[in-house]
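Asker: Right, I'll just put the structure down here and ask away after.
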Amino acid sequence: MAVRALLSAEHISHVYRTPGGDVPALDDVTLRLSGESFVCLVGPSGCGKSTLLRILAGLLRPTEGRVLLDGQPLTRAQRRVGIVFQKANLMPWRTVAGNLALPLELAGTPPAERAERTRAMLELTGLEGFAGAYPGALSGGMAQRVAIGRALIHDPQVLLLDEPFGALDALTREQMSEELLRIWARHRKTVLMVTHSIPEAVLLADRVLVMGPRPGHLVAEVPIPLARPRSLALLHQPDFVALSEQVRRSIRPA
Amino acid sequence: MDNAHLAPPVPHERTAESSAALPRARRRRWHLLLAPAFGLCLLAVWTLVARSGMYAAFIVPTPASVAERWWGLASDGSLLRHAAVTLREVLTGLLIGVAVAFWLGYWIAKSRTVAYTLTPYLVALQTVPIVAIAPLLIIWFGSGIASKVIICGLIVFFPMLVNTVIGMRGIPAELHDLLRSLEATPLQTFWHLELPAALPIVLGGLKVSVTLSVVGAVVGEFVSASAGLGYLINFGRGTYDTPLVIAAVFTLTALALALYGLAAGLERLLLGWQRANGTP
Ligand SMILES: Nc1ncnc2c1ncn2[C@@H]1O[C@H](COP(=O)(O)OP(=O)(O)O)[C@@H](O)[C@H]1O
Ligand SMILES: [Mg+2]
């Protein structure tokens, strides 16, 4: 039996119409995300990665092509597709627990179940001590953990992450990618993550998709056959370095 | 808009090593006495000028005669009656003006079509001096409460509208995207995102509107009225009852301050999270 594609994009092209003229952002992108795979998308800045993610999330209608979720055309944003941005975008008037519980509140989850799942998510994200804290009191890494927890709490089928660690310092960033590996091991979902860090992509992904300069199009796909569970210790292993080099070469062909 | 920049700078705290606890506490109390002491000085100057014989008593009455007049009005219940009339005009006008401004501001921020259609007229409305059209409003709506409520509503309208639009437009687009991806209904989006996110700026507008609303009611009462604190001022001026004018002005000020205090209290109550986030 063929693996059913959970989320797929078919011949997506997108042009932004601006007063200064048309900006072609994506050119004929086709991809399939399936099962419990973790896919990373890398490419030069401004090549259309965020645009593609917004289209996959149903937040932006592509000029051409279509997105299918479980075989059905995706015409609007859906709960089943979770999204995390570069900025944590927490609500400053809600506590950490309140921010985590937001998707459940909107979905009308009964309070008892909401409390239970919020508690479990606080634990999973290592934020037990901060349930009552407000976002202003959190570090960048902690805030982003809340954002990831918020995107997972209602158990979406697909998780889209747009440079979620892009605003963090290098050290926190490494810790967060290990953290994400751990969380993902518990919540296996279809993940597509945009990143501009090649080691990060190789550490996390089953497949790395490489996008060429604007208008964005896929130029390469690098499978990452490294065994799981993975950890930061991999970073200096020869096969890891070789895979990173392979990704780097496909971004900038010699 | 806020008057926070008028607040005195916080004196530098000395560290525990460099200063004993007692002098520090004493210095703090001493600061609290400054403003009342200055007030007493002003009162003394006023008394001196009034007693000096430079001006007739009906031009500059003594503080004592003003207090006496105020007490007389307060004890026979007429001050309360007039204040109640003004307060009713103010609160009704405020409620209607603020509600309409918030509602319109919300739609101007949300819809380009509404913004393009209404903005020129709203700006034009703002440039019309309310004082100039007050007589017209009295002609149209009579000299009862309705005309004052309308003047009040018009004067509080603009700051509230502008702040609502700014507050709504300042909401990060990604938070809207988040709620869309969570399939929030329009009502949920309003309640869980738009209202709380815009609230700090909206409440800033409310504080401005509250003080303006008192001005609005008094303007209306000056033009034509048979009761209210503005009417009392006008009446006192006509009969050269200067103590009455001053007593009414003080009452009006107290009313405006109380309303401002309520708005500020509402702000503290609703925006507790701002302090919890470390933003003053
Ligand atoms: N709302 C928009 N209107 C017009 N142009 C846009 C808009 N959003 C993005 N673009 C343009 O589209 C291109 C792709 O942007 P984006 O998807 O954000 O790239 P990336 O995420 O890969 O950095 C860029 O040239 C950007 O300037
Ligand atoms: Mg981007």
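The values are calculated or read from the model by the stated rules, or taken from the named source; none is laboratory data. Being a predicted model, the structure only gives us computed values, none of them experimental. So basically every Cβ, Gly included, is an ideal-geometry build from the backbone, and we count neighbours across all protein chains shown. Only protein heavy atoms, including side chains, enter the accessible area calculation; ligands, DNA and RNA are left aside. Shrake-Rupley method; radii C 1.70, N 1.55, O 1.52, S 1.80 Å.
Asker: Which of the residues spanning the stretch A:1-44 are of a type in the set (Gly, Ala, Ser), under 22 Å from A:Leu159 (Cβ atoms) and out of contact with any Pro (no Cβ under 9 Å at 6 or more places or on another chain)?
Answerer: Residues of the stretch A:1-44 that are of a type in the set (Gly, Ala, Ser), as a first pass: A:2, A:5, A:8-9, A:13, A:20-21, A:25, A:34-35, A:37, A:43.
Still in the list and also under 22 Å from A:Leu159 (Cβ atoms): A:5, A:8-9, A:34-35, A:37, A:43.
Residues satisfying the conditions are A:Ala5, A:Ser8, A:Ser34, A:Gly35, A:Ser37.
Asker: Another question, if that's okay. Given the options B:Ala184, B:Ala217, name the one that is within 10 Å of another protein chain (Cβ to nearest Cβ) and of a type in the set (A, V, I, L, M).
Answerer: Selected residue: B:Ala184, the only one of B:Ala184, B:Ala217 that is within 10 Å of another protein chain (Cβ to nearest Cβ) and of a type in the set (A, V, I, L, M).
Asker: Still on this model: Could you check A:Arg54 against (1) within 14 Å of chain B (Cβ to nearest Cβ); (2) more than 16 Å from ligand 2 (Cβ to nearest atom); (3) open to solvent by 60 Å² or more (accessible area, probe 1.4 Å) and say which number it fails?
Answerer: Condition not satisfied by A:Arg54: (2).
Asker: Answer yes or no as to whether A:Pro44 is touching a residue at least 24 places away in the same chain (Cβ under 8 Å), part of a loop (DSSP other than H, G, I, E, B), in contact with a helix residue (DSSP H, G or I) (Cβ under 8 Å, 6 or more places away or on another chain) and more than 10 Å from ligand 1 (Cβ to nearest atom). Give the steps one after another, and end with the answer.
Answerer: Values: touching a residue at least 24 places away in the same chain (Cβ under 8 Å): yes; part of a loop (DSSP other than H, G, I, E, B): yes; in contact with a helix residue (DSSP H, G or I) (Cβ under 8 Å, 6 or more places away or on another chain): yes; more than 10 Å from ligand 1 (Cβ to nearest atom): no.
Taking the combined requirement at face value, the residue does not satisfy it.
One line per residue, one yes/no per condition, for (1) open to solvent by 20 Å² or more (accessible area, probe 1.4 Å); (2) over 24 Å from A:Ala147 (Cβ atoms); (3) within 11 Å of chain B (Cβ to nearest Cβ):
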residue: A:Ser8; (1), (2), (3): no, yes, no
residue: A:His11; (1), (2), (3): yes, yes, no
residue: A:Arg17; (1), (2), (3): yes, yes, no
residue: A:Val23; (1), (2), (3): yes, yes, no
residue: A:Leu41; (1), (2), (3): no, no, no
residue: A:Ile83; (1), (2), (3): no, no, yes
residue: A:Lys87; (1), (2), (3): yes, no, yes
residue: A:Leu90; (1), (2), (3): yes, no, yes
residue: A:Trp93; (1), (2), (3): yes, no, yes
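Asker: So which residues in the stretch A:215-238 are under 22 Å from A:Arg182 (Cβ atoms) and either surrounded by 11 or more Cβ atoms within 10 Å (Cβ to Cβ) or touching a Gly at 6+ places or on another chain (Cβ under 7 Å) (or both)? Lay out the reasoning, then the answer.
Answerer: The initial filter retains those residues of the stretch A:215-238 that are under 22 Å from A:Arg182 (Cβ atoms), namely A:224-237.
Scanning the stretch A:215-238 gives A:Ile224, A:Leu226, A:Arg230, A:Ser231, A:Leu232, A:Leu234, A:Leu235, A:Gln237.
Asker: B:Ala256 - would you say it is aliphatic (A, V, I, L, M) and open to solvent by less than 40 Å² (accessible area, probe 1.4 Å)? First the steps, then the outcome.
Answerer: Numbers: aliphatic (A, V, I, L, M): yes; open to solvent by less than 40 Å² (accessible area, probe 1.4 Å): yes.
Criteria met by B:Ala256.
Asker: On to the next question. Just one of A:Arg114, A:Arg32, A:Arg80, A:Arg66 is more than 16 Å from ligand 2 (Cβ to nearest atom) and free of Cβ contacts under 8 Å to residues at least 24 places away in the same chain; which is it? Explain how you work it out, then say what you get.
Answerer: Numbers: A:Arg32 fails: free of Cβ contacts under 8 Å to residues at least 24 places away in the same chain; A:Arg80 fails: free of Cβ contacts under 8 Å to residues at least 24 places away in the same chain; A:Arg66 fails: free of Cβ contacts under 8 Å to residues at least 24 places away in the same chain.
Of A:Arg114, A:Arg32, A:Arg80, A:Arg66, the one residue that is more than 16 Å from ligand 2 (Cβ to nearest atom) and free of Cβ contacts under 8 Å to residues at least 24 places away in the same chain is A:Arg114.
Rundown of residues vs (1) open to solvent by less than 70 Å² (accessible area, probe 1.4 Å); (2) assigned by TED's automatic domain parsing to the domain that holds B:Thr242; (3) in contact with a Phe, Trp or Tyr (Cβ under 9 Å, 6 or more places away or on another chain); (4) within 30 Å of B:Val149 (Cβ to Cβ), yes/no style:
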{"residue": "B:Leu32", "(1), (2), (3), (4)": "no, no, no, no"}
{"residue": "B:Leu80", "(1), (2), (3), (4)": "no, yes, no, yes"}
{"residue": "B:Ala83", "(1), (2), (3), (4)": "yes, yes, no, yes"}
{"residue": "B:Glu89", "(1), (2), (3), (4)": "yes, yes, no, yes"}
{"residue": "B:Thr92", "(1), (2), (3), (4)": "yes, yes, no, yes"}
{"residue": "B:Ala101", "(1), (2), (3), (4)": "yes, yes, yes, yes"}
{"residue": "B:Val114", "(1), (2), (3), (4)": "yes, yes, yes, yes"}
{"residue": "B:Tyr121", "(1), (2), (3), (4)": "no, yes, no, yes"}
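Asker: Further question on the same structure: Here is a list: A:Ala220, A:Ala242. Which entry is part of a strand (DSSP E or B) and either more than 16 Å from ligand 2 (Cβ to nearest atom) or basic (Lys, Arg) (or both)? Break it down into steps so the answer makes sense when it comes.
Answerer: Working: A:Ala242 fails: part of a strand (DSSP E or B).
Result: A:Ala220 is the single residue among A:Ala220, A:Ala242 that is part of a strand (DSSP E or B) and either more than 16 Å from ligand 2 (Cβ to nearest atom) or basic (Lys, Arg) (or both).
Asker: For the stretch A:83-92, give me each residue that is away from ligand 1 (no atom under 12 Å from the Cβ) and either free of Cβ contacts under 8 Å to residues at least 40 places away in the same chain or touching a strand residue (DSSP E or B) at 6+ places or on another chain (Cβ under 8 Å) (or both). Reasoning before the result, please.
Answerer: Restricting attention to the stretch A:83-92, the residues satisfying the condition of being away from ligand 1 (no atom under 12 Å from the Cβ) are A:83-84, A:87-92.
Once the filter is applied, which keeps residues that are away from ligand 1 (no atom under 12 Å from the Cβ) and either free of Cβ contacts under 8 Å to residues at least 40 places away in the same chain or touching a strand residue (DSSP E or B) at 6+ places or on another chain (Cβ under 8 Å) (or both), the stretch A:83-92 yields A:Ile83, A:Val84.
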